[in-house]
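Presented below is the structure to which this report refers.
The values are calculated or read from the model by the stated rules, or taken from the named source; none is laboratory data. Note that this is a predicted model, so its numbers are computed, not measured. So basically every Cβ, Gly included, is an ideal-geometry build from the backbone, and we count neighbours across all protein chains shown.
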Amino acid sequence: MDTTATQPGPAPAALSPSAAAYSGSPGARPTRALIVANPASGSHSETLLREVRDLCAARLDAVEVHLTTARRDATDAVGRALRRPYAPHAPEVVRSNGTAERSDGTAVPSTEVRPDLVVAVGGDGTVREVVQGMADAPAPAALALVPGGTGNSGYRMIWGDRPWADALTALLLHPGDRARLRRLDLALLRETAQLVFLGACSGVIAEALPIARTIPLHGRARYAEAFARAADAHRPYPGRVTVDGEVVHEGPTVLANVGGGRYRGGQYLVLPHSEPDDGLLDVCVIGGSVAASRVPELTRTAAHLELPDTVYARGRTIVVERLDGERLPLEHDGEYQDTLGDRATLEVRAGALWTWCPTS
């Protein structure tokens, strides 16, 4: 186990083989999509949603759009869709000119046929809600992401800086060539029983989120300004981080990031060695000897790993604690956790999520 970031991290490992080799695959080529969009996300627009819908409709048998209206709405909508009675390729469903029919010739309403592709249009919080609905459902479907939020770190984790239209076109037109299915890891936050897609972070990164809501900017610029303000005002908290039962850090803590995704806020490379499907959670802890005001600049290039008060480790269960009895400031997937106590326990759920990813 790595316990200090002063040593070079391992070279990125190859992702797991194509998910078509696994049982229970959603299918090698998507046929029916549920698009879930959050109108309240950081960079949502009707134009973006229309372009996503039109691109899917041109290549798929059926496309539905669900606009979220409240917290957990995305989770509930996805869960309902994936519990419908008919699978896209079920024996009792006959396809004729793109229309699903029962074997006796009567029509099967689209609302009775499950999607095999769920497209999340929104920020990291929207994606997390969609993922929760997918993971809770008994039927497999695959996730595709379209960035429409503030940081969009989840999208960057998978597709890098590729334009979203290129990514969506790759899986619709070139599955197996330019895009393939993979099984990505998730984490479970034991204290809330919520799944974590991108990652969770305590300290200064969490403190930036309430500030971001007050800043009249959009996209990554909004989070960059919020992060800078939070860093200037931050005071380290007394913390402890345990990885698979071993204490790797105890003392003043600026942040402890667990994941998941390499980037936070779409631009801060906090976990540069993290792989999305290696069956492990990465954790990076920045100790109190590092001025919080330097953290935004340091994490843009992963220069924080060169500091002696930075710890980098991996494991299956990671516990982040605050030791003075106060509430631990924590966010995950871009959502501040205001009901958490002084402890967060994150457990890996290896290979839990089918996701469309680039082949290279």
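Which residue, of Ala206, Ala231, is surrounded by 17 or more Cβ atoms within 10 Å (Cβ to Cβ), in the same structural domain as Val258 (by TED's automatic domain parsing), touching a Leu at 6+ places or on another chain (Cβ under 7 Å) and within 22 Å of Thr310 (Cα to Cα)?
Going through Ala206, Ala231 in turn, the sole match is Ala206.
Taken as a whole, the structure places Gly148 among residues that are surrounded by 22 or more Cβ atoms within 10 Å (Cβ to Cβ) and in contact with a Gly (Cβ under 6 Å, 6 or more places away or on another chain).
Val254 satisfies every condition listed in (1) of a type in the set (A, V, I, L, M); (2) in a strand (DSSP E or B); (3) under 22 Å from the mean Cα position of the chain (by Cα) except (3). In this structure, is Ser153 modelled with pLDDT under 95, of a type outside the set (Val, Ile, Thr) and under 19 Å from the mean Cα position of the chain (by Cα)? In short, yes.
When the test is whether a residue is assigned to a loop (DSSP other than H, G, I, E, B), within 24 Å of the chain's Cα centre (by Cα) and at pLDDT 95 or above, Gly325 does not pass it. With respect to Pro238, determine if the residue is out of contact with any helix residue (DSSP H, G or I) (no Cβ under 8 Å at 6 or more places or on another chain), touching a residue at least 60 places away in the same chain (Cβ under 8 Å) and not basic (Lys, Arg). Taking the combined requirement at face value, the residue satisfies it. Checked against (1) outside any strand (DSSP E or B); (2) assigned by TED's automatic domain parsing to the domain that holds Leu280, Ser360 passes all but condition (2). Within the stretch 104-135, the set of residues being of a type outside the set (Gly, Ala, Ser), in a strand (DSSP E or B) and buried (at least 24 other Cβ atoms within 10 Å of the Cβ) comprises Leu117, Val118, Val119, Val121. Selection of first residues in the stretch 285-296 that are assigned by TED's automatic domain parsing to the domain that holds Ala200 and of second residues that are outside any helix (DSSP H, G or I) and acidic (Asp, Glu), restricted to Cβ pairs under 6 Å at least 6 apart or on distinct chains, gives the following pairs, ordered by first then second residue: Gly287/Asp309; Ser289/Asp309; Val290/Asp309. Comparison of Arg322, Arg314, Arg343, Arg327 shows that the only residue that is surrounded by fewer than 18 Cβ atoms within 10 Å (Cβ to Cβ), of a type in the set (Lys, Arg) and in contact (Cβ under 8 Å) with a residue 24 or more places away in the chain is Arg343.
Looking at the structure I just gave you, is Val258 of a type outside the set (Ser, Thr, Tyr) and buried (at least 19 other Cβ atoms within 10 Å of the Cβ)? Walk me through it before giving the result.
Numbers: of a type outside the set (Ser, Thr, Tyr): yes; buried (at least 19 other Cβ atoms within 10 Å of the Cβ): yes.
Criteria met by Val258.
Name every residue in the stretch 188-246 that is among the charged types (D, E, K, R), closer than 13 Å to Gly265 by Cα and modelled with pLDDT of 95 or more, in order of residue number. Residues satisfying the conditions are Glu207, Glu225.
Among the residues of the stretch 275-293, which ones are in contact with a helix residue (DSSP H, G or I) (Cβ under 8 Å, 6 or more places away or on another chain) and either surrounded by fewer than 24 Cβ atoms within 10 Å (Cβ to Cβ) or on the phi > 0 side of the Ramachandran plot (or both)? Selection gives Pro276, Val290, Ala292, Ser293.
Contact annotation: residue pairs with Cβ atoms under 9 Å, 6 or more positions apart or on different chains, pairing a residue in the stretch 107-124 that is over 30 Å from Arg156 (Cβ atoms) with a partner that is in a loop (DSSP other than H, G, I, E, B) and aliphatic (A, V, I, L, M), are Val113/Ala87; Val113/Ala90.
In the stretch 153-169, of all residues being aliphatic (A, V, I, L, M) and under 24 Å from Ala135 (Cα atoms), the one that is surrounded by the fewest Cβ atoms within 10 Å (Cβ to Cβ) corresponds to Ile158. The residues of the stretch 297-311 that are among the acidic types (Asp, Glu) and free of Cβ contacts under 8 Å to residues at least 40 places away in the same chain, listed by number, are Glu297, Asp309.
Out of the residues in the stretch 171-224 that are assigned to a loop (DSSP other than H, G, I, E, B) and among the basic types (Lys, Arg), state the one that is nearest to Leu298 (Cα to Cα).
Arg213
Restricted to the stretch 136-163, and to residues that are in contact with a Leu (Cβ under 8 Å, 6 or more places away or on another chain) and assigned to a strand (DSSP E or B), which residue is farthest from Glu225 (Cα to Cα)? Out of the qualifying residues, it is Ala142.
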